[in-house]
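Taking it in order: structure first as C-alpha cells, then the write-up.
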Amino acid sequence: MNTFIYFLLAFGYVVLLVWGLILSKKNMWNLTNVLLLVIIGLIYDNFIIAAGRFIGEGQLLEGLNYARFWLHALFTPTLVLFAFGICSKLGLPWAKKTFWKVIFGLITLALILYELFTSAIGLNLRTRKENGLLSYESVESAGPIMVILVTVVLVIVGIILLKNFHFPWLLIGTLVMIGGSILGIWIKNFPLTNILEFLLILSLLLTKQFQVRLSEISTTD
C-alpha cells in the first residue's frame, strides 16, 4: 500500500511540475521559480522510495538514496527565496529594498551550507526496511533547524499575504503541514507527513498562481 502511495505522490509531483512550468513560462528568470527545483527533488525522492524494493538492496540503491539527501540539502532551503520572491513580485514595499534581498539570500545560503555539512557531506547510510518499503536512511539523525526556519518564513509570509491580499492558502498549507508533522510522531505506518508535504507544495503553487494572475491584471491596467 505504501509503495503505491509513494508512486502516486511521485506522479502527483510530476503534475505539479507541469503546472509550475506553465505558470512560469512567461518569466522563467525570477526567484519564485526555485519552487520547480524543490518539486523536481520531491519527484526523485518519492520515486526512489517507492522503487527501492524493486531495485533491491545494494550499492545502486544506496547511491540513489545519497542523491535524495543532497537534493534535499540543496533545494529545500530555496523555499525561503520563493517566499521572498512572491512578496517582491506582489510589490510589497519592504521586499524592494536591497537590505531584505541580502537578508533572505544570506538565510538561504546559510541553510544550504548547514544542510550540506550536517546532512550530506560525509553521509553514512544504513538499510531501512519498513512497511514493505526498502530505502537507505542516515545513521546520524539530522537536526530540524533548516525545516523549522523555512517553516517560520512561510508562516510569516503567509500571514502577510492574508493581511494584505486576503489570500489564505499559503498560511493554511503551512499550518496543515505543521499539524501533520506533529501527528506524524504517533502515526508510524502511514506516510502522513509525505502526503501533507504534497499539500504544502500545492499551496505554494496556488500562491504562485495568485501572484501571476495579480501581476497580469496589474500589467493589463
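Here are the numbers for the structure shown:
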{"quantity": "Dimensions (Å) - the stretch 34-178, Cα atoms, principal axes, largest first", "calculated": "53, 28, 22"}
{"quantity": "Mean Kyte hydropathy of -0.5 or more with a Cα span along the axis of at least 20 Å, helices from DSSP in the chain", "calculated": "2-24, 34-55, 59-75, 98-115, 145-165, 169-183, 192-220"}
{"quantity": "For the stretch 146-185, average projected area of the Cα convex hull in nm²", "calculated": "2.6 nm²"}
{"quantity": "Rounded to the nearest 20 debye, dipole of the chain from Cβ charges on Lys, Arg, Asp, Glu", "calculated": "520 debye"}
{"quantity": "Of Tyr66, Leu16, Pro144, farthest towards positive along the dipole that unit charges on Lys, Arg, Asp, Glu beta carbons give the chain", "calculated": "Leu16"}
{"quantity": "Between the stretch 57-97 and the stretch 18-32, the Cα center-to-center distance that results, in Å", "calculated": "15 Å"}
{"quantity": "For Leu134, residues with placed amide H under 5 Å, excluding near neighbours", "calculated": "Gly52, Arg53"}
{"quantity": "Average Cα contact separation per residue, the chain, under 8 Å, 6 or more apart, as relative contact order %", "calculated": "22 percent"}
{"quantity": "Zone of Ile40's modelled label, taken as backbone nitrogen in the stretch 95-137 under 19 Å from a point 7 Å along Cα→Cβ", "calculated": "109, 112-113, 116"}
{"quantity": "Sparse-neighbourhood loop sites, GluC sites (Glu not before Pro) in the stretch 117-179 - DSSP loop, at most 13 other Cβ within 10 angstrom", "calculated": "Glu140"}
{"quantity": "Sites Val139 and Lys188 - FRET efficiency at Förster radius 22 Å, r taken between beta-carbons, to 0.05", "calculated": "0.65"}
{"quantity": "Out-of-range pairs (alpha-carbon distance over 29 Å; input Lys26/Lys97; Lys25/Lys101; Lys101/Lys208; Lys129/Lys208)", "calculated": "Lys129/Lys208"}
{"quantity": "Added length on full extension, which subtracts the Cα-Cα distance from 0.36 nm per residue, Asn30 to Trp70", "calculated": "12.1 nm"}
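Coordinate-derived values only; no laboratory data. Owing to the predicted nature of the structure, the values given are computational and were not obtained by experimental measurement. Cβ atoms come from the backbone with ideal geometry, glycine included; neighbour counts cover every protein chain shown.
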